[in-house]
Every structure is written in structure tokens, then in C-alpha cells.
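Inspection log for the structure reproduced underneath, given as C-alpha cells.
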Amino acid sequence: MSASHTKDSSFLGGRIPPEIDSMSKNLKDVDQELFRKILKAVVSALEGKDCREVMKSIAESSTIPQERLSHIVAGMYRVLSEAIRIPTSSLKQEAFREDLKELRIPEDFITDFASVVFGNRRAALDAATSRNDPHLPTLEDFKWRVDVAISTSSLARALQPSVLMQMKLSDGSFHRFEVPVSKFQELRYNVALILKEMNDLEKRNILKIQD
Amino acid sequence: MASFIKETQSIKEAVTFINAIDENKFSRLISRIIQKLHLKGERTFSEEEEEKLQAALSLNKQALSLVLETAAFILEQAVYHNVKPTSLQQQLEGVHLNPDKAEVFSQTWASSGPELVEKLKHNTFAPKKLEYVGWQLNLQMAQSSQARLKSPSAVLQLGLRNEDSEVQENVFVDFNHQELLDLYNKLEIVQGQLDSLT
């Protein structure tokens, strides 16, 4: 998108969240070293790590009163969490920086924010945050075996092939089951069918429209 | 083929009882037994039915028991060795079963036998069997941590049934495009193995 367009709204939406508003008012007393320390802690928190110890040491070693510090931390957390919600295909670095400039955030801090949102750790950050979202279990491990029953207690000559499958899912559950050959064909056919439908879906124009 | 029915004492006894049974009643009895033969651990006749049979066939409890067990044994052996109907008839006449009763066995075997063999071929020790495959293709638009997604995701529903229960357990698994492709490639390898068997 060209730089001369009229931006309709900030990536933060129509109304600026209150904690971001109060953060920008309080940032003028923060030096870059402190800012970076807090930024590091906030990124850790987004990744789901426990940051209480780090925050405690930051609070103790800084001259800024705790209440103002908490506004700053809350604001920074909000800026980042809103920014990483939007895929990088939709939110470009330029637009992001402009939005933050409008909030009167110092240029150096904007650069630091941008390095988190658009840097190479972004993918890891996305993976960490989406882990908490509700979803059905995914397949973590899939093992299989093809057997031929030569003989059984009921049949001297059975010669019946069958497939044994073992699935370990992301929720920790474990399933081992036999798949008769006819059911296996059905499974294979259906998986191929879903793949075809997925391909068709991805090709459709509506998915290519950028929003 | 070598006879698999040896004339033991209990066979002799059973034969005596069987020979005395009316042919029509006997025919229906054997048909019923062969229908239920593939179900392990299930009684062919309920207690009530057995009592009625005792009266109908003029047999006491032990005699009826012996007759039912022997008939089941003969049929199980027939299945195990996949015997020809004529051979079965000969073997039965060899242990002094009346020709009309031997014919009932071999005729029932000829008509219902192949189906029974097929059923037994599919009986396995695996605790669970895949019985149902269903799926749903979704387009995920957003989630708590991510907006504007538009990512296709498929949910595969696998209906598993335990051997000794009627209840089907449903397993739901979620796949994105790459994960589904990985699964498909693995299934192709399995198919290759199955193909190499024929």
C-alpha cells in the first residue's frame, strides 16, 4: 500500500485501548534500557512463561513508581498482543509504525516494538499464543502395520490381510485399532477427497482477497 | 481328507440322541446353530429357549446340552478344515449318524458355510475396530490469538468399536493441509504394502 493513502484506522481499531493511551503518556520517563527490559518480559509473558520474578526485579531496580510502571507494562502488552493477532500479510511494518507514531510513542521504542512483531521470532510467538486456543486434538504420531492372518483358532487357512493402526493425539490420548481392508480403502478415499476439496477451496478467489 | 470326527464315547451318545430327533425340528436346530456360530462367548439359545427345546425334543437337560455342543463342534470343525459338504456327510455317516441327519448337516453347511467362513476370517483379536469414517472441512476465520486466518482445517471422525460392545467410540482429529497431506502419504505407503500381497 502506498504511503500517501488515507489510512482508515489504526491496527488497534477505532478506539485506542485505555492502557495504551496511558502507556504513551508515561513513556517519556522511560529510558531505552528499561524499555527493553520490560519488552523482553512482556514477550516472555506472551509466550506463556512465568514472568513474576523478572517483573519484581524490574520494579525494584527502577525509580518509576509501581503504579505508573504497571500502566506501561499493561500498555506494552496490549500493543504487542493486538499486533501479533493480525497476520503479517495484512499488517505491514509501515502502517504499524505510523499507527504508533500517532500515539506519540518515541521512534526508538517503535523500532523495538517492530522488531518483535516483524522479526524472526514472530513465528515462534504465533505458535506459542495459538497453543492456548480451543481446538480438537491433532495427530502427533501415526504408526501402522499390515498383517496377514495365516491361521486362526477357527480357521486353518484364513489368509486374511488387515491393517493395524496406532494413533497418538496431541491431547495425550492413544488409540490402537484394527482397520479391515475395506474400511482402509474408505479411509484412504475420504482423505483424498478432503485434500481435493481443500485444494479447490484454496484456489478460490475469495481467499486471495487481501483484507 | 482324514476324518476330524472321532467316534468317542460322547459322540456315540450324542449320535443316539440326534438320530431320535424328528428331521424337521433337527433341520431348524442346525440352521439356528450355524447362524450364531461366529459369535464367541454368546449362548445360541437362551435359558428359556433351552427349556422349550427340552420339551419339544423330549430330551432332558444333559442330553440337550450334549446334542447342542456336539452339533456346534461338528460345525466348528467343518469350518476349521473348510470341508466339502459330501466329505462331511461321509464322515458323519461314518460315526453312525443316520443318513437323513447327516444330510441335514451337509446341506446346511453347503448353504450357510461359506458365509460363516467369511465372517470368521474377519474376526480378529484387535480390541478395537474402525467401523465408521466421517469428516468435515472447515474454513477457520479466526481464533483468540489470531484474526483474519482463512485457514482450511479438516476434522476426521473415526468410529471405533470394541469387540464385545455395541457402543461406538468416536475419535475426532483435526488436520491442517500439511498434516492431512502427511497422513495421505502414509496411507499410500500402506496401500503399497497391501498391493504387494496380492
If you filter the stretch B:141-189 for GluC sites (Glu not before Pro), then keep DSSP loop positions with at most 16 other Cβ within 10 Å, what is left?
B:GLU163, B:GLU166
Given R₀ = 30 Å, what would the calculated FRET efficiency be for B:SER3 paired with B:GLN62, taking r from the Cβ atoms and rounding to 0.05?
0.70
Could you tell me the calculated FRET efficiency between B:GLU47 and B:LYS12, based on Cβ-Cβ distance and R0 = 25 angstrom, to the nearest 0.05?
0.35
Less than 16 Å apart at the alpha-carbon level, and either on another chain or at least 8 residues along: which lysines does that give for A:LYS40?
A:LYS49, A:LYS56
Using the alpha-carbon centroid of each, what span in Å lies between the stretch B:73-128 and the stretch A:38-60?
76
Using only helices, what value at 222 nm comes out for chain B when you add -39,500 (n - 2.57) per DSSP H run of length 4 or more and divide by the total residues, to the nearest 500 deg cm²/dmol?
-19000 deg cm²/dmol
With r defined as the distance between the Cβ atoms of A:SER70 and B:SER196 and R0 fixed at 51 Å, what FRET efficiency is calculated, to the nearest 0.05?
0.15
Can you give me the Kirkwood hydrodynamic radius for the stretch A:53-204, using every pair of distinct Cα atoms, in Å to one decimal?
21.4
20 Å tail of the calculated P(r), the stretch B:135-198, as % of Cα pairs:
52
What residue among B:LEU57, B:GLN191, B:HIS38 has its Cα farthest toward the positive end of the dipole of the protein assembly as shown, where the charges are +1 on Lys, Arg and -1 on Asp, Glu, each on the Cβ?
B:GLN191
Excluding B:GLY159 itself, what net charge comes from residues whose Cβ is under 11 Å from its Cβ, given Lys and Arg +1 and Asp and Glu -1?
+2
Neighbour count of at most 16 Cβ within 10 Å plus DSSP loop: longest chymotrypsin sites (Phe, Trp or Tyr not before Pro)-free window in chain B
B:46-124
Members of A:LYS168/B:LYS121; A:LYS25/B:LYS150; B:LYS36/B:LYS129; B:LYS6/B:LYS84; A:LYS168/B:LYS119; A:LYS183/B:LYS36 lying beyond 26 Å, as alpha-carbon distances in this model show
A:LYS168/B:LYS121; A:LYS25/B:LYS150; A:LYS168/B:LYS119
Would you please report the Å³ per residue occupied by the convex hull of the alpha carbon atoms in the protein assembly as shown?
224
Positive end of the dipole of the stretch A:16-137, charges at C-beta (+1 Lys, Arg; -1 Asp, Glu), about the Cα centre: which of A:ALA83, A:SER44, A:LEU27 has its Cα farthest in that direction?
A:SER44
Identify, among A:SER162, A:GLN66, A:VAL179, the residue whose Cα sits farthest towards the positive end of the charge dipole of chain A, taking +1 on the Cβ of Lys and Arg and -1 on the Cβ of Asp and Glu, with the dipole about the Cα centre.
A:SER162
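Coordinate-derived values only; no laboratory data. These figures come from a predicted structure and were not determined experimentally. In this analysis, Cβ positions are derived from the backbone assuming ideal geometry, glycine residues included, and neighbour counts consider all displayed protein chains.
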